[in-house]
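Presented below is the structure to which this report refers.
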Amino acid sequence: MIEKRQFYIGGDWVDPVAPNDLDVINPATEKPVAVISLGSEGDVDKAVAAARQALDAWSETSVDTRAALLERIIAVYERRAGEMDEAIRLEMGAPRTFTREQQTPAGTGHLQATLEALKAHRFEWPSPRGGSLLRHEPIGVCGLITPWNWPINQIAAKVAPALAAGCTMVLKPSEIAPLSALLFAEMVDEAGCPPGVFNLVNGDGEGVGAVMSAHPGIDMMSFTGSTRAGVSVTRNAAPTVKRVALELGGKSPNLLFADADLETALRFSLESCFSNTGQSCDAPTRLLVERSVYAEAVELAAKIAGEVKVGDPAEEGDHIGPVISSLQYDKIQAHIESGIAEGARLIAGGPGKPDGFDTGYYVRPTVFADVGNDMSIARNEIFGPVLVMIPFDTEEEAIQIANDTPYGLAAYLQTGDPVRAKRVSRKLRAGSVYINGAAPDWDAPFGGYKQSGNGREYGEFGLEDFLELKAITG
């Protein structure tokens, strides 16, 4: 059993104000692999005080000093990448190969993209007519709340630009997947981060997250998680009028036109939906298919879904693992049952666990056809390996269905016509549009329209989220 009850505050590992143990459960075995302590208001106060004490000195450091720290963190991170692989596998059940090839490298990607953005950024420049000096300054002490599904991805996407901007911070990682965050804190410490610049307090939303959001000593909240929780963060932050950056839920459409290579497009569509066991906020979970190829697409989708392997995260391979928790498993099962009750046609998977998996929070890769966009499985974020297929007749109808959602995080487009790709992508109400299987870009802004949030992360855009703009005239 791994024991990680302490928090990282002011450059030291310190005991919680009041012990409050919580087991970290391995979703593949349903057994504890670690124990942490949940923090409280007193722990947040200590961390904020440390961050405020460090702010004046860190905010005045040079770009070279901040860049040197990021370079040292990258070096430590790359040297200890194998430990990060293992931490993520244990805490969230991500398969060994997937963790090594996708989860852990995401941290390096954000650290390096931020380093490049920092070196290229102009912190002072003249106004357009030359009458004023415009200046970017760090916003101050930042509260960072990160989720469990891509744990180090979101930690690096917030911590790196906050450091680069000259901010100090308090990080609250997900309490059900905290091991990667605690390991990252060790790396930051090993890299020689000045005391108080980076602080970590474990805890749940009520005991720590809400306290941070309302804390008068925190100048900005950056939150990634559910839309419901994002609303709560915003509400708690309102009395102190702090900046709030939110990256929230999604129900991303994937438009498949008849002029696309059907099998290639479908393989990408299902693999992307089921990747990370469907636990990605920008997963393409609504597959909109042009009616002239719809019947063939449904047949192919059922075949491809049947080839998806489910397996033990401890083993190498291209299989998917369990979902994060019993609570998440039960929610996904309820959504699958709802889809059946609403009359959607089940063509792959379905309720219950895959054969041979009595232990672990494993879900059968599931595909529904003949789904109406008004059905609950088309409206709600399921956050599991569940795909819904919706037919359309015209380009205009496809765009209308795609945009008929409270979310707007990502959209996907499969077509053999580059003119159509450009035309349709401009009409989709989403923060990111991926054409014909394009991979995410660490330098491109990431964030959503509508109830998928506000603000943008990654590269230069993530750096600017943590900066205030000042005009000096005269």
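The values are calculated or read from the model by the stated rules, or taken from the named source; none is laboratory data. The shown structure was predicted, so the numbers you read here are calculated from the model rather than taken from an experiment. Backbone-built Cβ (ideal geometry, glycine too); neighbour counts: all protein chains shown.
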When the stretch 225-281 is checked residue by residue, the ones that are outside the structural domain of Thr394 (by TED's automatic domain parsing), among the β-branched types (Val, Ile, Thr) and over 22 Å from the mean Cα position of the chain (by Cα) are Thr240, Val241
Per the filter on the stretch 180-196, residues buried (at least 18 other Cβ atoms within 10 Å of the Cβ) and more than 19 Å from Ile152 (Cβ to Cβ) are Gly196
Among (1) under 24 Å from Gly416 (Cα atoms); (2) touching a residue at least 40 places away in the same chain (Cβ under 8 Å), Gln279 falls short only on (1)
Counted residues in the stretch 297-333 being in contact with a Phe, Trp or Tyr (Cβ under 7 Å, 6 or more places away or on another chain) and either not in a helix (DSSP H, G or I) or not assigned by TED's automatic domain parsing to the domain that holds Tyr361 (or both) come to 7
- Is it the case that some residue within the stretch 127-136 is buried (at least 19 other Cβ atoms within 10 Å of the Cβ) and touching a residue at least 40 places away in the same chain (Cβ under 8 Å)? yes
Within the stretch 433-453, restricting to residues that are in contact (Cβ under 8 Å) with a residue 24 or more places away in the chain and assigned to a loop (DSSP other than H, G, I, E, B), the one that is farthest from Leu246 (Cα to Cα) is Asn436
Next on the checklist: Residues that are polar (S, T, N, Q) and either surrounded by fewer than 17 Cβ atoms within 10 Å (Cβ to Cβ) or under 21 Å from the mean Cα position of the chain (by Cα) (or both): does the stretch 452-462 have at least one?
Outcome noted: yes
Apart from one, (1) under 20 Å from Trp150 (Cα atoms); (2) in a loop (DSSP other than H, G, I, E, B); (3) in contact (Cβ under 8 Å) with a residue 40 or more places away in the chain; (4) of a type in the set (Gly, Ala, Ser) all hold for Ala430; the odd one out is (1)
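Can you confirm whether Val208 is farther than 24 Å from Asp56 by Cβ, in the same structural domain as Ala164 (by TED's automatic domain parsing), out of contact with any Phe, Trp or Tyr (no Cβ under 9 Å at 6 or more places or on another chain) and surrounded by 23 or more Cβ atoms within 10 Å (Cβ to Cβ)?
Taking the combined requirement at face value, the residue satisfies it.
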When the stretch 78-100 is checked residue by residue, the ones that are over 21 Å from Glu175 (Cα atoms), surrounded by fewer than 19 Cβ atoms within 10 Å (Cβ to Cβ) and free of Cβ contacts under 8 Å to residues at least 24 places away in the same chain are Arg79, Gly82
Only one of Ala54, Ala75 is out of contact with any strand residue (DSSP E or B) (no Cβ under 6 Å at 6 or more places or on another chain) and either buried (at least 16 other Cβ atoms within 10 Å of the Cβ) or farther than 16 Å from Ser222 by Cβ (or both), namely Ala75
Of Tyr458, Tyr449, Tyr412, the only residue that is farther than 30 Å from Gly166 by Cβ and either among the small types (Gly, Ala, Ser) or at pLDDT 95 or above (or both) is Tyr412
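The rows are residues; the columns are (1) polar (S, T, N, Q); (2) out of contact with any Phe, Trp or Tyr (no Cβ under 8 Å at 6 or more places or on another chain); (3) assigned by TED's automatic domain parsing to the domain that holds Cys167; (4) over 17 Å from Gly140 (Cα atoms).
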| residue | (1), (2), (3), (4) |
| --- | --- |
| Val17 | no, yes, yes, yes |
| Asp23 | no, yes, yes, yes |
| Val33 | no, yes, yes, yes |
| Asp56 | no, yes, yes, no |
| Ser62 | yes, yes, yes, no |
| Arg80 | no, yes, yes, yes |
Check the stretch 223-230 and report whether any residue there is within 30 Å of Arg79 (Cα to Cα), at pLDDT 95 or above and touching a helix residue (DSSP H, G or I) at 6+ places or on another chain (Cβ under 6 Å). yes
Counting only residues that are in a helix (DSSP H, G or I) and over 21 Å from Glu299 (Cβ atoms), the stretch 379-404 contains a total of 9
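Name the residue that is surrounded by the fewest Cβ atoms within 10 Å (Cβ to Cβ), counting only residues in the stretch 395-429 that are polar (S, T, N, Q) and farther than 19 Å from Ala378 by Cβ.
Here the residue is Ser425.
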The correct count of residues that are farther than 23 Å from Ala156 by Cα and crowded, with 19+ Cβ neighbours inside 10 Å in the stretch 224-236 is 1
